[in-house]
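Undergrad: Below you will find the structure I want to go over with you.
The values are calculated or read from the model by the stated rules, or taken from the named source; none is laboratory data. As the structure is a computational prediction, the values presented were derived from the model and not from experiment. As a convention, Cβ positions derive from the backbone with ideal geometry for all residues, glycine included, and neighbour counts pool all protein chains shown. To get the accessible areas, we keep the full protein, side chains included, count just its heavy atoms, and leave off ligands, DNA and RNA. Shrake-Rupley method; radii C 1.70, N 1.55, O 1.52, S 1.80 Å.
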Amino acid sequence: YYVSQTQNTCESERASIQVNVAVNESPSVGITSPSNNSEAIAGKTLDIEVLTSDNDGSVVKVEYYNGATKLGESTTSPFTCSIVNPQQGIYNITAVATDNLGAKTTSSSIEITLFEQQTINLQAGLNLISLWLEPKNTNIDSVFKSIIPEIREIKTADAFWNKQNQTFLNSLKNIRMADAYFVAASSAVTLTVKGTAATNPSIALPAASGWNMIGCPFKTPTDINTAFDISKINVIKNFDEFWISGETKSNMSEISPGKGYFIKIK
């Protein structure tokens with residue numbers, strides 16, 4: 001009887017024991033800057049900021065991704081990440097927070113578009129210019145928006161835009177990458193344009209012989225021998241420089257971003 005009584009008591013106590021197992025709560029994380037569907041400039045440091053919390057512990061690491069590509073990580077609060085020299089394109093950025101017990105949470109994705117940016121210093125009077133990027137919006141009113149009060153006229157060899165004209169009278173509507181333009185300015189101003197640069201820029205020489213206008217599609221000064229098939233060209237010049245086939249006194253050895261040129265095809 002004694003043994004039976006003891007067994008019954010132990011079994012009763014065992015049945016009443018409750019085991020409480022603590023469950024680690026995952027952290028929370030959200031990207032606060034930049035905002036979703038925003039724009040930034042390629043080449044300029046892009047700062048990513050997040051807001052994190054963890055109700056039953058602490059966040060010890062945040063990793064930053066563009067799609068599946070890791071951009072960096074930070075291990076101290078406030079959690080931030082600086083992307084140095086980001087390239088043009090569309091980024092889909094997420095942040096992954098890890099807490100002190102290893103639980104992870106991935107933030108909602110944000111989309112940000114990085115554009116290239118070009119600046120051209122215009123002098124008062126006539127300028128011969130070109131763009132090495134395709135503007136985000138090619139319409140003249142958009143490209144020259146910030147300085148349109150100072151622009152009197154824009155021309156190519158075949159078309160024109162004049163501020164005094166009604167819209168339907170202007171035959172030039174859009175500004176394109178690597179085309180050359182005469183721009184008449186009332187005063188010295190700086191033109192700033194956002195857009196997309198060509199991945200592998202090159203110059204296709206006009207088929208017509210004689211004089212043509214052409215722009216520079218390159219972001220950096222480029223040697224004439226690299227930019228052109230000079231065997232097909234007699235002369236390259238602008239308002240300041242010239243290159244003549246076989247002429248040792250030519251003072252032009254390269255073409256420069258932002259400038260336009262006259263070329264004479266053989």
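Undergrad: Could you point to the residue in Leu169, Gly67, Ala188 farthest towards the positive end of the chain's charge dipole, with +1 and -1 charges on the Cβ of Lys/Arg and Asp/Glu respectively?
TA: Comparing the listed Cα positions along the dipole, Leu169 ranks first.
Undergrad: Run the numbers for Asn225 and Asn24: contour at 0.36 nm per residue of separation, minus the present Cα-Cα distance, in nm.
TA: Gain in length upon complete extension: 65.8 nm.
Undergrad: Enumerate the calculated ³J(HN,Hα) couplings along segment 204-210 in order (Karplus 6.51 cos²θ - 1.76 cosθ + 1.60, θ = phi - 60°), each rounded to whole Hz, writing x wherever the residue is Gly or Pro.
TA: In residue order, the calculated couplings are 9, 5, x, 6, 6, 6, x Hz.
Undergrad: Over segment 113-187, with every protein chain in place, what whole percent of the accessible area is carbon and sulfur at 1.4 Å, could you tell me?
TA: 47 percent
Undergrad: Rg to Rh for segment 122-248: what is it, with Cα atoms only and Rh by Kirkwood?
TA: Looking at segment 122-248, the ratio lands at 0.98.
Undergrad: Can you tell me the accessible area per residue over segment 149-219, all protein chains present, probe 1.4 angstrom, in square angstrom?
TA: 55 Å²
Undergrad: In segment 59-188, what is the volume of the convex hull around the alpha carbon atoms, normalised per residue and reported in Å³?
TA: 148 Å³
Undergrad: Given the protein chains as shown and a 1.4 Å probe, how many square angstrom of Trp211 are accessible, to the nearest 10?
TA: In the full protein context, Trp211 sits at about 130 Å².
Undergrad: Let me ask something else. Where in segment 114-130 does the amide nitrogen come within less than 19 Å of the point 7 Å from the Cα of Ser146, taken along Cα to Cβ?
TA: Residues 114-124, 129-130 qualify, since their backbone N sits under 19 Å from the label point.
Undergrad: How much net charge surrounds Pro135 when only the other residues with a Cβ under 11 Å from the Cβ of Pro135 are counted, with Lys and Arg +1 and Asp and Glu -1?
TA: Here the charged neighbours net out to +2.
Undergrad: Using the scaling law 2.2 N^0.38 Å as the reference, what is the normalised Cα Rg of the chain?
TA: Against the empirical 2.2 N^0.38 Å value, I get 1.72 for the chain.
Undergrad: Grab the beta carbon distance between Thr248 and Ala208, set R0 = 25 Å, and tell me the FRET efficiency rounded to 0.05.
TA: So, using R0 = 25 Å, E works out to roughly 0.30.
Undergrad: Rounded to the nearest 10 degrees, what's the angle between the helix 2-16 long axis and the longest principal axis of the chain, both from Cα atoms, 0 to 90?
TA: Its long axis makes an angle of about 20 degrees.
Undergrad: Among the aspartates and glutamates, which fall within straight-line cross-link reach of Lys136, defined as a Cα-Cα distance under 14 Å, with same-chain neighbours fewer than 8 residues apart omitted?
TA: Glu39, Glu116
Undergrad: Could you tell me the largest-minus-smallest coordinate of the C-alpha atoms of segment 15-93 on each of the three principal axes, in descending order and whole angstroms?
TA: 67, 21, 19
Undergrad: Within the set Lys44/Lys155; Lys61/Lys194; Lys44/Lys249; Lys173/Lys259; Lys232/Lys259, which residue pairs have Cα atoms separated by over 31 Å?
TA: Lys44/Lys155; Lys61/Lys194; Lys44/Lys249
Undergrad: So, one more: For the chain, what does the helix formula give at 222 nm: sum of -39500 (n - 2.57) over DSSP H segments with n ≥ 4, over the residue count, nearest 500 deg cm²/dmol?
TA: -2500 deg cm²/dmol
Undergrad: Let me ask another. Just to verify a number: FRET efficiency for Ser38 and Ala157, C-beta to C-beta distance, R0 = 41 Å, to 0.05?
TA: Efficiency for this residue pair is about 0.60.
Undergrad: To continue, here is another question. Residues of segment 172-199 with the amide nitrogen closer than 19 Å to a label point 7 Å from the Cα of Gln123, along Cα-to-Cβ, please.
TA: Correct set: 181-192.
Undergrad: If the reach is capped at under 12 angstrom between alpha carbons, list the aspartates and glutamates near Lys104, excluding any in the same chain fewer than eight residues apart.
TA: Glu25, Asp54, Glu63
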